[in-house]
1. Could you pull out every one of the strands (runs of 3 or more DSSP E) wholly within the stretch 118-201 that has 2 or more residues that are over 17 Å from the mean Cα position of the chain (by Cα) and modelled with pLDDT of 85 or more?
2. Within the stretch 202-235, can you find the residues that are acidic (D, E) and part of a helix (DSSP H, G or I)?
3. Suppose the filter is at pLDDT 95 or above, within 26 Å of the chain's Cα centre (by Cα) and surrounded by 14 or more Cβ atoms within 10 Å (Cβ to Cβ); does C241 pass it?
4. Please go through the stretch 350-403 and give me each residue that is modelled with pLDDT of 90 or more, β-branched (V, I, T) and assigned to a helix (DSSP H, G or I), ordered by number.
5. When you go through Y155, Y148 one by one, which is the residue that is without any contact (Cβ under 8 Å) to a residue 24 or more places away in the chain and of a type in the set (F, W, Y)?
6. Does A308 count as of a type in the set (A, V, I, L, M, F, W, C) and touching a residue at least 60 places away in the same chain (Cβ under 8 Å)?
7. Return the total of residues in the stretch 365-383 being under 13 Å from H311 (Cα atoms) and exposed (fewer than 10 other Cβ atoms within 10 Å of the Cβ).
8. With (1) outside any helix (DSSP H, G or I); (2) under 28 Å from A153 (Cα atoms); (3) acidic (D, E) as the list, and E272 as the residue in question, which single condition is left unmet?
Amino acid sequence: MDGSTAGELIPELARYGLQQLIELEVAAVLGADRHERTEERLGYRNGYRPRSLTTQVGDIDLLIPKLRAGSFLPSILEPRRRVEQALYGVIMEAYICGVSTRKVDALVAALGSQSGISKSQVSRICQDIDEQVQAFLNRPLQESGYAYVYLDATYLHGRLGKALQVCSRAVVVAMGVNADGRRELLGLKVGDSESEGFWSEFLASLKERGLTGVKLVISDAHVGLTKAIRRQLQGCVWQRCRVHFARNLLQRVPKAHQGMVTAALRSVFAQEDAGEILSRWDDLAASLAERFPKATELMNEAREDVLAFRHFPQPHWKKVWSTNLLERVNEEIKRRTRVVGIFPNDASITRLVGAVLLEQHEHWQLEGRRMFSAESMAAIPELEDLPALLSAAAAEVQDAGPR
């Protein structure tokens, strides 16, 4: 068999197999095969209509059975899920605009869509997804408020400016826990850095949509972010992510001693009493002072911020002392966007990442599972009862005054 014959045979085999699947599915829907006489029959066929399906071996022409009553759409032709539509739109936009990479070109070829795709078709796909994503990202937030807000960033590559230069793009995401103890994805923003101005704009946009009742913000210790939190969410407590802090601490300890420090730090967070946590922390900081003074200095500076969780209900500690819950969402973003590589623009990043967030948010809503019980949420102290936790970063912001 020569190459040309094989090239013709594979699509034909695919067409035959898919057509047989369609025939089996419609027979199951009608309760009878074609021309079969049976009392279990639920309906009758009424001819066929042509339909093209894009596959990895090219566009395949299929025949879709029509019914005398009702309609039939085989499962293989069901509309793409939202994230798949968004991904398709981003890939095709890059291809049409001539800014695609070899990776994207290969994807377009695999989709069998090299021919016949137009800017108007891509525009319609993108517009539909954009409307859904923007409705989600601009929705009013719950009046009952979000006691806990998690903030984190991930980085993707996109093209920027008239030169279409490839740049690193910061994608920041906010997650909140509402009064019922359920988590929600609150919003996202794409930018070129994690500066104070960038974070302030993001937090201000959340407040404009109704973000209220914030008592604890969990994040890493980016200077721009911590300053923005103090300015935009005044009065709340800041929890410095213990996981990121541990990495920072180990950078100040020789590799040979990192295992010991890691184990000792882990024992601090294993305590169930707030007083014991403080005691273990201080003991560890003191024990490192002679050999690793920079590590002790960091522990003393970060003490209140890393241990802020202790002022909140004990059943919540393990889920509010780090950004791990939100980082799992970021891992899913990375997984779903890896196939694109380089995005054609910021709008395409928002489209695909927004679709991923919307899909995850809807999953949480349908799942209905609480992170925390409503009773334990009600036990969170009021802001006026929480201590004013002023770290060096917070003091720096206050000393700087309004800009």
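1. Numbers: elements: 146-160, 165-178, 183-191.
Correct list: 146-160, 165-178.
2. Step one: of the stretch 202-235, the residues acidic (D, E) are 208, 220.
Residue satisfying the conditions is E208 alone.
3. Numbers: at pLDDT 95 or above: yes; within 26 Å of the chain's Cα centre (by Cα): yes; surrounded by 14 or more Cβ atoms within 10 Å (Cβ to Cβ): yes.
So C241 fits the description; yes.
4. Selection gives T350, V353.
5. Being without any contact (Cβ under 8 Å) to a residue 24 or more places away in the chain and of a type in the set (F, W, Y) holds for just one of Y155, Y148, which is Y155.
6. Details: of a type in the set (A, V, I, L, M, F, W, C): yes; touching a residue at least 60 places away in the same chain (Cβ under 8 Å): yes.
Spelling it out, A308 is indeed of a type in the set (A, V, I, L, M, F, W, C) and touching a residue at least 60 places away in the same chain (Cβ under 8 Å).
7. The total comes to 1.
8. Failed condition: (2).
The values are calculated or read from the model by the stated rules, or taken from the named source; none is laboratory data. Everything numeric in this text was worked out from a predicted model, so none of it was measured. Reconstructed Cβ throughout: ideal geometry from the backbone, glycine too, with neighbour counts over all protein chains shown.
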